[in-house]
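Working notes, beginning with the structure itself.
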Amino acid sequence: MAATCAGMEPPAASPPSPPSPAPPAAARGSAELVCAQGRNLKAVLCQRCGSRVLLPGAATFARRELLLPAMRKKAAAAAGGGGDVVREHWLVRDMFSFENVGFTRDVGNVKFLVCADCEAGPIGWHCLDDKDSFYVALERVAHE
């Protein structure tokens, strides 16, 4: 049976809420990365190789709890295993907004985002049920 996107979210006492853009003040440690309109002020880069993932202004800040596998090469990330709950993301609505990103094979109905150059990741998450939502975890990328 294929995993649902809701299955990738950590268990909660209440039903999961849709992603909600948060004002910059609500994002502890990320206020210098978000403009008044909630978009990324700086370019988003791969932490490992420095490859540019997103240009400034290409994504919107969003808070949503998602479970991402631990950082590994693309093949290992697709295999599953342990993971981390991440809460702060860059939400990208159009896959063509990315400068450089790769995708793992389907894991249920989810694809994980990885660096297209060095395959480090996963740096983000995409549910195949929602063609217009790509999440890049702030803690898994660098900014310049």
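Points worth noting:
- Pairs with Cβ under 9 Å, 6+ apart, first in segment 128-144 and open to solvent by 60 Å² or more (accessible area, probe 1.4 Å), second at pLDDT 95 or above and not hydrophobic (A, V, I, L, M, F, W, C): Asp132/Arg93; Asp132/Asp94; Glu139/Arg87; Glu139/Glu88; Glu144/Lys42; Glu144/Gly50; Glu144/Arg52
- Pairs meeting the criteria (first residue in segment 83-102 and without any contact (Cβ under 8 Å) to a residue 40 or more places away in the chain, second residue among the β-branched types (Val, Ile, Thr), beta carbons under 9 Å, at least 6 apart or on different chains) are Met95/Val101; Gly102/Val114.
- Single condition Ala116 does not satisfy, out of (1) surrounded by fewer than 16 Cβ atoms within 10 Å (Cβ to Cβ); (2) modelled with pLDDT of 95 or more; (3) part of a loop (DSSP other than H, G, I, E, B); (4) of a type outside the set (Ser, Thr, Tyr): (1)
- Some residue of segment 62-84 being in contact with a Phe, Trp or Tyr (Cβ under 9 Å, 6 or more places away or on another chain), at pLDDT below 95 and loosely packed, with under 12 Cβ neighbours inside 10 Å: no
The values are calculated or read from the model by the stated rules, or taken from the named source; none is laboratory data. Bear in mind that the values here come from a model prediction, so they are computed numbers and not experimental data. For neighbour counting, all protein chains shown are included, and Cβ atoms are generated from backbone atoms with ideal geometry for every residue, glycine included. Just so you know, the surface numbers come from the protein's heavy atoms only, side chains and all, with ligands and any DNA or RNA stripped out. Shrake-Rupley method; radii C 1.70, N 1.55, O 1.52, S 1.80 Å.
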